[in-house]
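Colleague: Provided herewith is a single structure, encoded as structure tokens, for subsequent inquiry.
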Amino acid sequence: MKCLGIESTAHTFSVGIIDDKGNILFDEKSVYKPPLGQGIHPREAAQFHTENSINLVKNALKTVKIDDIDVISFSMGPGLPNCLQIGATVARFLSVKYNKPIVGVSHCVSHIEIGKLMTDCKDPVVVYCSGGNTQIIAYVGGKYRIFGETEDIPIGNAFDVLARELGLEMPGGPKIEELAKNGQWVDLPYVVKGMDLSFTGIVTQCKRLHDQKVKKDDIAYSFQETVFSMLTEVTERALAHTNKEEVLLVGGVAASHRLQEMMKVMCSGREAKSYSVPDKYAGDNGTMIAWNGILAFKAGQKMKVEDTTFIKDWRTDEVDITWLK
Ligand code: AMP
Ligand code: MG
């Protein structure tokens, strides 16, 4: 069985094709980059996706014939409405034109499932940290429950806002990781509230330090150490609470070597194991949507075309995980 999956929640339009053994047959993406100093403009990102979607779908169907595709899946949310609309429309078009079943899947759950597919972990505490989300998640009783999350901006977004402030290019995370290698410690706020996290105050303090001419390297180092320590602390509590023995890092920020290292150290102290999704599948990609499509479709999920809208605020813990029940 093969699924063609479409991702379009934010900056990335991507098409992936995967079979039910987990073999990836096609994976291409185009990524909208806002002008230097600016965030994603939803309408411009959607326009970008509209223009790029045609070629990506054409390439995908040159690689795997449409006759060999069993099901179409698309990212149904959460995300930017203008962008979600494009992916849903392209998926709907393919479904109707070629008479293929269609299933909408959760972007967040797809990040988790591609991480599980690509590592050996079975039942992890998931640290989902990306440009649009920051959640500590574990599967309990039919749902992926959220044990802790950001109270304001997502961690990847915090990296990007700080990077813009420091005059660095997008995406900001890798640039800050590079600068941090030569940095020294300066004090920053550390904001963990119960199991939740807050990043905006830390970014504001970093901006102040930048105005006071503190070295960029030192700001980058201290920022990275602080926010990753916060994430690691909450993850350790989730491990203790759920009695699970694995941690899985997913989402774009999972590509950070420093975060991977911190989680490894924390896990080794608890005889737990730490995994990270491979870099290529850490950021948004169509393959993860296709894989979630396979899981959902095999579990009996499919949708009527008229129901294939999008849910812009679809929370991870609202999704029915039919394939694990
Ligand atoms: P996603 O939203 O999943 O596509 O992930 C993109 C986000 O990951 C952006 O906010 C990046 O700044 C962030 N990111 C990528 N690499 C790193 C890194 N090495 N350290 C921190 N953040 C990163
Ligand atoms: Mg994402």
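The values are calculated or read from the model by the stated rules, or taken from the named source; none is laboratory data. Model, not experiment: these values are computed from the prediction. Positions of Cβ are backbone-derived with ideal geometry, glycine not excepted, and every protein chain shown enters the neighbour counts. The protein model used for the area step is the full one, side chains on, heavy atoms only, and it has no ligands, DNA or RNA in it. Shrake-Rupley method; radii C 1.70, N 1.55, O 1.52, S 1.80 Å.
Colleague: So for the range 104-119 (the condition being within 16 Å of ligand 1 (Cβ to nearest atom), open to solvent by 40 Å² or more (accessible area, probe 1.4 Å) and either charged (D, E, K, R) or out of contact with any His (no Cβ under 9 Å at 6 or more places or on another chain) (or both)), does at least one residue qualify? First the steps, then the outcome.
Modeller: Residues of the range 104-119 that are within 16 Å of ligand 1 (Cβ to nearest atom), as a first pass: 105-115, 118.
Still in the list and also open to solvent by 40 Å² or more (accessible area, probe 1.4 Å): 118.
Now narrow it down to the ones that are either charged (D, E, K, R) or out of contact with any His (no Cβ under 9 Å at 6 or more places or on another chain) (or both): 118.
Yes: the range 104-119 contains one or more residues that are within 16 Å of ligand 1 (Cβ to nearest atom), open to solvent by 40 Å² or more (accessible area, probe 1.4 Å) and either charged (D, E, K, R) or out of contact with any His (no Cβ under 9 Å at 6 or more places or on another chain) (or both).
Colleague: For residues in the range 243-265 being within 14 Å of ligand 1 (Cβ to nearest atom) and assigned to a loop (DSSP other than H, G, I, E, B), which is surrounded by the most Cβ atoms within 10 Å (Cβ to Cβ)?
Modeller: For the range 243-265, the residue satisfying everything is GLY251.
Colleague: Can you run down the residue pairs with Cβ atoms below 8 Å, 6 or more apart or on separate chains, where the first is in the range 146-171 and under 18 Å from LEU259 (Cα atoms) and the partner is in a strand (DSSP E or B) and away from ligand 2 (no atom under 16 Å from the Cβ)?
Modeller: GLY148/ASP196; GLY148/LEU197; GLU149/ASP196; GLU149/LEU197; THR150/ASP196; THR150/LEU197; ILE155/LEU197
Colleague: Can you work out which of the residues in the range 172-205 that are in contact (Cβ under 8 Å) with a residue 60 or more places away in the chain and farther than 20 Å from VAL126 by Cβ is farthest from ligand 2 (Cβ to nearest atom)?
Modeller: ALA180
Colleague: When the residues of the range 103-130 are narrowed to those that are in contact with a helix residue (DSSP H, G or I) (Cβ under 7 Å, 6 or more places away or on another chain) and closer than 16 Å to ALA272 by Cβ, which ends up farthest from ligand 2 (Cβ to nearest atom)?
Modeller: VAL125
Colleague: Using the structure shown, decide if PRO189 is under 23 Å from the mean Cα position of the chain (by Cα) and not hydrophobic (A, V, I, L, M, F, W, C).
Modeller: no
Colleague: Look at SER268 and say whether it is among the polar types (S, T, N, Q) and within 16 Å of ligand 1 (Cβ to nearest atom). First the steps, then the outcome.
Modeller: Numbers: among the polar types (S, T, N, Q): yes; within 16 Å of ligand 1 (Cβ to nearest atom): no.
Taking the combined requirement at face value, the residue does not satisfy it.
Colleague: Could you list, in sequence order, all residues of the range 132-148 that are open to solvent by 40 Å² or more (accessible area, probe 1.4 Å) and within 15 Å of ligand 1 (Cβ to nearest atom)?
Modeller: Listed by number, the list holds a single entry, GLY132.
Colleague: Something else about it: Let me confirm something: among VAL127, VAL90, which residue is open to solvent by less than 10 Å² (accessible area, probe 1.4 Å) and in contact (Cβ under 8 Å) with a residue 60 or more places away in the chain?
Modeller: It is VAL127.
Colleague: Which residues, taken from the range 149-180, are small (Gly, Ala, Ser), under 21 Å from ASP218 (Cβ atoms) and within 11 Å of ligand 1 (Cβ to nearest atom)?
Modeller: ALA158, ALA163, GLY172, GLY173, ALA180
Colleague: If you go through the range 120-138 one residue at a time, do you hit one that is in a helix (DSSP H, G or I) and among the aliphatic types (A, V, I, L, M)?
Modeller: no
Colleague: Would you tally the residues in the range 131-148 being under 14 Å from the mean Cα position of the chain (by Cα) and either at pLDDT 95 or above or more than 15 Å from ligand 2 (Cβ to nearest atom) (or both)?
Modeller: 4
Colleague: Another question, then. Taking the stated definitions as given, is PRO42 within 20 Å of GLY132 (Cβ to Cβ) and more than 16 Å from ligand 2 (Cβ to nearest atom)? Talk me through it step by step, then tell me what you get.
Modeller: Working: within 20 Å of GLY132 (Cβ to Cβ): yes; more than 16 Å from ligand 2 (Cβ to nearest atom): no.
For PRO42, the condition - within 20 Å of GLY132 (Cβ to Cβ) and more than 16 Å from ligand 2 (Cβ to nearest atom) - is not met.
Colleague: Let me ask something additional. Looking at the structure I just gave you, is GLU28 in the same structural domain as ASN292 (by TED's automatic domain parsing), modelled with pLDDT of 95 or more, open to solvent by 60 Å² or more (accessible area, probe 1.4 Å) and out of contact with any Lys or Arg (no Cβ under 7 Å at 6 or more places or on another chain)?
Modeller: Against the criterion (in the same structural domain as ASN292 (by TED's automatic domain parsing), modelled with pLDDT of 95 or more, open to solvent by 60 Å² or more (accessible area, probe 1.4 Å) and out of contact with any Lys or Arg (no Cβ under 7 Å at 6 or more places or on another chain)), GLU28 qualifies.
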